[in-house]
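Asks: Can you read through this structure? Questions will come right after.
The values are calculated or read from the model by the stated rules, or taken from the named source; none is laboratory data. Computed from a predicted model, the values in this text were never measured in an experiment. A quick note on method: Cβ atoms are made from the backbone with ideal geometry, for glycine too, and the neighbour counts reach across all protein chains shown. The accessibility values were calculated without ligands, DNA or RNA, using every heavy atom of the protein model including side chains. Shrake-Rupley method; radii C 1.70, N 1.55, O 1.52, S 1.80 Å.
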Amino acid sequence: MAAGIGGVVSLASMLLAQRGTERYQAREHERQERHREEDRVRAWDDQLLEARRAAYTKLNAATRAARDALAACTHDLRDTGSVDGARLTEMEERWGEYVLAHAESHMIVSDSVLNLVGHVNGSLRVIYGLVKRLNAGSTRPGDSLDRIQQRLDELWGQLSVLRDEMRRDLGIAGTSRTPDGNLDS
């Protein structure tokens, strides 16, 4: 009988050890799955960050190039009363690049950046329209070189705020500027 009890105890010990091993293997499998999921999420976040960085870089460059082309056209209008043909072609090219970068950015930028992109876009469109109308001689009431210059001056601050927000969103900078160009406290 003692041998029978020893065999039962031994069998029970084996079963407990087997169950312990199974629980350990199940926990280990769950841990590995969690790590794989965390790695997938991290890889997705890294891809998203890189796509956002590329979109911000493209948008920033295209926006500033469009602004520079519009400013150059404004100088032509002020100096000669019309925009040089080559400069007008350059403005249209820069404008097209800007419009494309702006449209693409809507699919990737954060909500806080999207709001600022809208303000910059509105300003650029006003300036673009003013330059086109003044160059064509088909002005509306209030259209003037002074108005273009005022809008360009305002745009400088908006672009700084936009750039700072894009950098903050990418984790590059912790400060931001208000639309008037002052540091936010």
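Asks: Under 5 Å between amide hydrogens, which residues at least 5 positions from A173 or on another chain qualify, with H placed 1.01 Å from N in the peptide plane?
Replies: When sequence neighbours closer than 5 places are left aside, the close amide H contacts are R168.
Asks: Report the equivalent ellipsoid semi-axes for the chain in whole Å, largest first, defined as the square roots of five times the eigenvalues of the gyration tensor built from alpha carbon atoms.
Replies: Value: 67, 16, 10 Å, ordered largest first.
Asks: Something else: When a/c is below 1.5 the answer is rounded, else prolate if a/b is larger than b/c, else oblate, so apply that to the stretch 1-50 with a ≥ b ≥ c taken from the square roots of the Cα gyration tensor eigenvalues.
Replies: Taking the square roots of the gyration eigenvalues as a ≥ b ≥ c, the stretch 1-50 is prolate.
Asks: Any chance you could give the angle, 0 to 90 degrees and rounded to 10, that helix 145-169 forms with the longest Cα principal axis of the chain?
Replies: Tilt relative to the chain: about 10 degrees.
Asks: Picking from V9, N60, A43, whose Cα lies most toward the positive end of the charge dipole for the stretch 1-147 (charges on Cβ: Lys, Arg +1; Asp, Glu -1)?
Replies: So the residue we want is V9.
Asks: Local charge sum around T89 (other residues, Cβ-Cβ under 14 Å, Lys/Arg +1, Asp/Glu -1)?
Replies: Net local charge, T89 excluded: -3.
Asks: A follow-up question, please. Please work out how much accessible surface H75 shows to a 1.4 Å probe, ignoring ligands, DNA and RNA, in Å² rounded to 10.
Replies: 110
Asks: For the stretch 98-110, in order, what is each residue's ³J(HN,Hα) by Karplus, 6.51 cos²θ - 1.76 cosθ + 1.60 with θ = phi - 60°, in whole Hz (x at glycine and Pro)?
Replies: Computed from phi, the couplings for the stretch 98-110 are 5, 4, 5, 4, 4, 5, 5, 5, 4, 8, 9, 6, 6 Hz.
Asks: Distance between the C-alpha centers of the stretch 117-167 and the stretch 10-89? Whole Å please.
Replies: Distance between centres, Cα-based: 31 Å.
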